[in-house]
Amino acid sequence: MTSAQFMKGINHKVLPQVNLVLEGFAFVHDRGSFTLTSGVLNRDPILGGSCAAAANGAIDGFVTGAAVDMPRGIRINAVSPEILEASRQKYDGLFRGHVHVSNEAVGLAFSKAVEGCLNGQIFIVE
């Protein structure tokens, strides 16, 4: 992996989500919430997945750290799913031994993150 390849993951997955939060304060109501998306690879790596693992870890760390600094009762959480069943063919052979989770399970985690009361949580869907 090159430095440019590594930064692509940071620039395409981490920074857009962090910027959404930083720019979104003006648009989110008091006691509203942000929910970001990370993933499984920082918990259960695969060959060639170190960039994605770092990006997922950065998102999870940002959520945990930012939760204590959120103004106006705004909450922040992340949903961190295993590989979606709907993506099985797309990633065929890359995630050996990983569980495939349903879209419904991931949707329920997002619902809990957005509509629930928890803050600074990483909702793992396995």
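Mind listing whichever residues of the range 2-20 are assigned to a loop (DSSP other than H, G, I, E, B) and within 19 Å of residue 40 (Cβ to Cβ)? I'd like the intermediate steps shown before the answer.
Filtering the range 2-20 for residues assigned to a loop (DSSP other than H, G, I, E, B) gives 2.
Matches in the range 2-20: none.
What's the total number of residues in the range 94-117 that are part of a helix (DSSP H, G or I) and among the aromatic types (Phe, Trp, Tyr)? Don't jump to the end; show me each part of the working.
So the first thing to find is which residues in the range 94-117 are part of a helix (DSSP H, G or I), and the list is 103-115.
Adding the requirement that they be among the aromatic types (Phe, Trp, Tyr) leaves 110.
Of the residues in the range 94-117, 1 are part of a helix (DSSP H, G or I) and among the aromatic types (Phe, Trp, Tyr).
Being under 17 Å from residue 85 (Cα atoms) and of a type outside the set (A, V, I, L, M, F, W, C) is the filter here; which residues of the range 103-124 pass it? Don't jump to the end; show me each part of the working.
Step one: list which residues in the range 103-124 are under 17 Å from residue 85 (Cα atoms), which gives 103-110, 124.
Matches in the range 103-124: 103, 104, 107.
For (1) closer than 24 Å to residue 6 by Cα; (2) of a type outside the set (Lys, Arg); (3) not in a loop (DSSP other than H, G, I, E, B), each residue gets a yes or a no:
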{"position": "22", "(1), (2), (3)": "yes, yes, yes"}
{"position": "43", "(1), (2), (3)": "yes, no, no"}
{"position": "71", "(1), (2), (3)": "no, yes, no"}
{"position": "92", "(1), (2), (3)": "yes, yes, no"}
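Looking at residue 57 and the list (1) outside any loop (DSSP other than H, G, I, E, B); (2) closer than 22 Å to residue 83 by Cβ; (3) touching a strand residue (DSSP E or B) at 6+ places or on another chain (Cβ under 7 Å), which single condition is not satisfied?
Just one mismatch for residue 57, condition (3).
No lab work stands behind these numbers, since they all come straight from the coordinates. Nothing here was measured: the structure is a model prediction, and the numbers come from that model. Glycine also receives a Cβ, built like all others from the backbone with ideal geometry; neighbour counts cover every protein chain displayed.
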